[in-house]
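Student: Input: one structure, supplied below.
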Amino acid sequence: MSKKITLLGSTGSIGTQSLDVIRAQGYEVYGLSAHSHVEKILQQIEEFHPKYVCMTDPDAAAKLDAALAGRANAPKLLTGPEGLKELAALDGPDVVLNSVVGIAGLGASLCAIESGHDLALANKESLVTGGHLVTQAVEKHGVQLLPVDSEHSAIFQCLQDKESAPSLTKILLTASGGPFFGMTTEQLRGKTRADALKHPNWNMGAKITIDSATLMNKGLELIEAVWLFGLPPEKIQIVVQRQSIVHSAVQFSDNSIIAQLGVPDMRIPIQYALTYPKRVPGVVPELDFTTLKLLTFDVADEKTFRCLAACKKAIRKGGLGPCAANGANEEAVKLFLEDKIGFLDIGRLVEAVVDSDSFGGDYTLADVYECDRMARAFVRAHL
Ligand code: NDP
Ligand code: MG
């Protein structure tokens, strides 16, 4: 059956892989969004003919507006962060897929849910910064929250047997370990932006690639898993699986473990979120067990990779702790990508922000944005 999709962040790594899935399944695109890549979104408009497009960066929006002027069947153009929320809320799609990067995706996630849309969520920062608000809105509006992150899709797939799901006792959240697995603090000290951008198994956007190198990504995913699956952080064990073949596993009360495996290709979890609860043939090749010789498992080194330790502290503190950790990380990664701070500074700054306050208690959306702003200011003041 054909589906209509609104895809937020369509020019990114997840966005373009989502369009591969949409193309292969013959789905219709209702809306697209990008931030700055005008040429790329123009190509996507030509191929997928969306009814609406949002460009969040104002200069890029003006360029896109000029490029679309006079075109027959041009999509309606929305602009800025408000335009992104408007696009997420529009009636029309069967599902909204949010693959924006960073806290910039939170408002759109909430608007999609509040408008009654099922939400396929790649933007883990929505749950990390506003998990309480997002999960409450999902409950209130009775929509589906479909994980796109490969580990969370794996866990979700392992929990489809409704009889055994309530007996879940533990989550085994797998991690590739990133490009610096096994290194000491001394070895990490001189790592550059180019070193950190070389991921062994996945080809992803720059921010999440750095997050994989620092293990911040696994910390964010631990928090994401707490919100999605309702287990406390101490029941979520991080397991390094260097080959990225076991995408995560769950353990039940009888100590039986069920895992999901496949080649490391995001188009499997993207497709599952879009076809759920059905499975259909897709574009990803099968895992070849005639050449797969080895699956290894290791313990994550949070003494060296401080971002992971900081995320654990943040989720234990509760309230806005995870939002503060995320804001500090977004700012620190931006500075690292601009060669303004060193690799180890990222963990140092995230940990310092988490240690700077108790963070507990309930919060509003305004509190989330204020906490994000303060965490970023803290980072800039402690370089
Ligand atoms: P990319 O950087 O490749 O893409 C990000 C997308 O968001 C682009 O379309 C970009 O537009 C848009 N964008 C950037 N800044 C803003 C902003 N301020 N407001 C609105 N839109 C913006 O990221 P990824 O695709 O790698 O990651 C997207 C999300 O998915 C992240 O949350 C990440 O953690 C998660 N994820 C990614 C995986 C991967 O394999 N890449 C795996 C699992 C989860 P433009 O291109 O025009 O700048
Ligand atoms: Mg992941």
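The values are calculated or read from the model by the stated rules, or taken from the named source; none is laboratory data. Not measured: the values here are computed from a predicted model. Please note: Cβ atoms are built from the backbone with ideal geometry, for glycine as well, and neighbour counts cover all protein chains shown. Please note that ligands, DNA and RNA were not included when accessible areas were found on the heavy atoms of the full protein model with its side chains. Shrake-Rupley method; radii C 1.70, N 1.55, O 1.52, S 1.80 Å.
Student: Under a Cβ-only charge scheme (Lys and Arg +1, Asp and Glu -1), can you give me the dipole magnitude of the range 175-298 about the Cα centre, in debye to the nearest 20? Show your work: numbers first, answer last.
Tutor: Details: 12 positive and 11 negative charges, 62 e Å.
In total the dipole reaches around 300 debye.
Student: For the chain, set up a GNM with springs between Cα atoms under 10 Å and report which of Ala74, Ala66, Ala325 has the largest fluctuation.
Tutor: Of Ala74, Ala66, Ala325, the most mobile in the Gaussian network model is Ala66.
Student: Of the listed pairs Lys63/Lys85; Lys162/Lys207; Lys4/Lys40; Lys40/Lys191, which have alpha-carbon separations greater than 27 Å here?
Tutor: On the way: Lys63/Lys85 21 Å; Lys162/Lys207 36 Å; Lys4/Lys40 21 Å; Lys40/Lys191 31 Å.
Cα-Cα > 27 Å for Lys162/Lys207; Lys40/Lys191; rest within.
Student: Of Ala375, Thr135, Ile268, which is farthest on the positive side of the dipole of the chain, counting Cα position, with +1 on Lys and Arg Cβ, -1 on Asp and Glu Cβ, and the Cα centre as origin?
Tutor: The residue sitting most towards the positive pole is Ile268.
Student: Can you tell which of Thr214, Ala352, Pro232 lies farthest toward the positive end of the dipole of the range 213-370, using +1 and -1 charges on the Cβ of basic and acidic side chains (Lys, Arg; Asp, Glu)?
Tutor: After comparing all options, I get Pro232.
Student: Here's something else I'd like to know. Indicate the gyration tensor shape class of the range 1-151 (rounded, prolate or oblate), computed on the Cα atoms with a ≥ b ≥ c the square roots of the eigenvalues: a/c under 1.5 is rounded; otherwise a/b larger than b/c is prolate and the rest oblate. Write out the running numbers ahead of the final one.
Tutor: Working: a/c = 1.75, a/b = 1.46, b/c = 1.20.
Taking the square roots of the gyration eigenvalues as a ≥ b ≥ c, the range 1-151 is prolate.
Student: Moving on to the next point. Please work out how much length the chain gains when fully extended from Lys293 to Asp367, using 0.36 nm per residue of separation minus the C-alpha to C-alpha distance, in nm with one decimal. Mind showing how you got there, number by number?
Tutor: On the way: separation 74, 0.36 × 74 = 26.64 nm, distance 4.97 nm.
Full extension of this stretch gives 21.7 nm more.
Student: Check each of the GluC sites (Glu not before Pro) in the range 89-198 and keep only those in coil by DSSP with at most 12 other C-beta atoms within 10 angstrom; list them in order. List each step's numbers first, then the result.
Tutor: Values: sites: Glu114, Glu125, Glu139, Glu151, Glu163, Glu186; in loops: Glu163.
Passing sites in the range 89-198 are Glu163.
Student: Then there's this: Expressed in nm to one decimal, what extension gain is obtained for the pair Asp57 and Ser167 from 0.36 nm per residue of sequence separation less their Cα-Cα distance?
Tutor: On the way: separation 110, 0.36 × 110 = 39.60 nm, distance 4.63 nm.
Gain in length upon complete extension: 35.0 nm.
Student: In the structure shown, do any of Lys170/Lys312; Lys235/Lys278; Lys198/Lys278; Lys3/Lys278; Lys218/Lys334 have a Cα-Cα gap over 23 Å, and if so which?
Tutor: Values: Lys170/Lys312 16 Å; Lys235/Lys278 29 Å; Lys198/Lys278 35 Å; Lys3/Lys278 13 Å; Lys218/Lys334 18 Å.
Lys235/Lys278; Lys198/Lys278, as the Cα separations exceed 23 Å there.
Student: Sticking with this one: Would the chain count as rounded, prolate or oblate if I go by the C-alpha gyration tensor, calling it rounded below 1.5 in a/c and otherwise prolate when a/b exceeds b/c, oblate otherwise?
Tutor: On the way: a/c = 1.43, a/b = 1.18, b/c = 1.21.
Rounded.
Student: Estimate the FRET efficiency between Leu77 and Glu234 by the formula 1/(1 + (r/R0)^6), using the beta-carbon distance for r and 56 Å for R0, to the nearest 0.05.
Tutor: Values: r = 48 Å, r/R0 = 0.85.
Efficiency, from the Cβ-Cβ distance: 0.70.
Student: What FRET efficiency do you get for Ala381 and Thr185 if R0 is 25 Å and r is their Cβ-Cβ distance, rounded to the nearest 0.05?
Tutor: Working: r = 24 Å, r/R0 = 0.96.
Efficiency, from the Cβ-Cβ distance: 0.55.
Student: Then there's this: How much of the accessible area of the chain, in percent, comes from carbon and sulfur atoms when a 1.4 Å probe is used?
Tutor: Details: 8550 of 16360 Å².
So the carbon and sulfur contribution to the accessible surface is 52 percent.
Student: Charges only on Cβ, +1 for Lys and Arg, -1 for Asp and Glu: so what's the dipole of the chain about the Cα centre, in debye to the nearest 20?
Tutor: On the way: 37 positive and 45 negative charges, 85 e Å.
Roughly 400 debye for the chain.
Student: Please list, short to long, the whole-number percent of alpha-carbon pairs of the range 125-244 in consecutive 10 angstrom bins beginning at zero.
Tutor: Using 10 Å bins, I get a P(r) of 12, 39, 32, 14, 3, 0 for the range 125-244.
Student: Roughly what % antiparallel, to the nearest 5, for the DSSP beta bridges in the chain?
Tutor: Numbers: 11 of 40 bridges.
For the chain, the DSSP antiparallel bridge percentage is about 30.
Student: If we count trypsin sites (Lys or Arg not before Pro) as exposed when they sit in a DSSP loop and have at most 12 other beta carbons within 10 Å, what is the longest stretch of the chain that avoids them all? Could the numbers behind the result be given before it?
Tutor: Numbers: sites that count: Arg71, Lys162, Lys198, Lys278, Arg279, Lys293, Lys303, Lys340.
Longest stretch, sites excluded: 72-161.
Student: OK, next. Distance between Cα centroids, the range 200-277 to the range 300-334: provide it in whole Å.
Tutor: Going from one Cα centre to the other spans 17 Å.
Student: A further question on this structure: Per residue, how large is the accessible surface of the chain? Use a 1.4 angstrom probe and give square angstrom. Spell out each step's value before the answer.
Tutor: Working: 16360 Å² over 383 residues.
Solvent-accessible surface per residue comes out at 43 Å².
Student: Amide H to amide H under 5 Å from Cys54: which residues, 5+ apart in sequence or cross-chain, H placed 1.01 Å off N in plane?
Tutor: It is Leu32, Ser33, Ala34, Leu78, by chain and number.
Student: Helix-only mean residue ellipticity at 222 nm, the chain, DSSP H runs n ≥ 4 weighted -39,500 (n - 2.57), per residue, nearest 500. What is it?
Tutor: Working: 16 runs with 181 residues, N = 383.
Helix contribution divided over all residues of the chain: -14500 deg cm²/dmol.
Student: Given the C-alpha centroids of the range 16-60 and the range 66-82, what is the distance between them in whole angstrom?
Tutor: The range 16-60 and the range 66-82 have Cα centres separated by 12 Å.
Student: Give the shape of the range 247-383 as rounded, prolate or oblate, defined through the alpha-carbon gyration tensor: a ≥ b ≥ c are the square roots of its eigenvalues, a/c under 1.5 means rounded, and otherwise the shape is prolate if a/b is larger than b/c and oblate if not.
Tutor: On the way: a/c = 2.00, a/b = 1.82, b/c = 1.10.
Prolate is the answer for the range 247-383, as a/c is 1.5 or above and a/b outweighs b/c.
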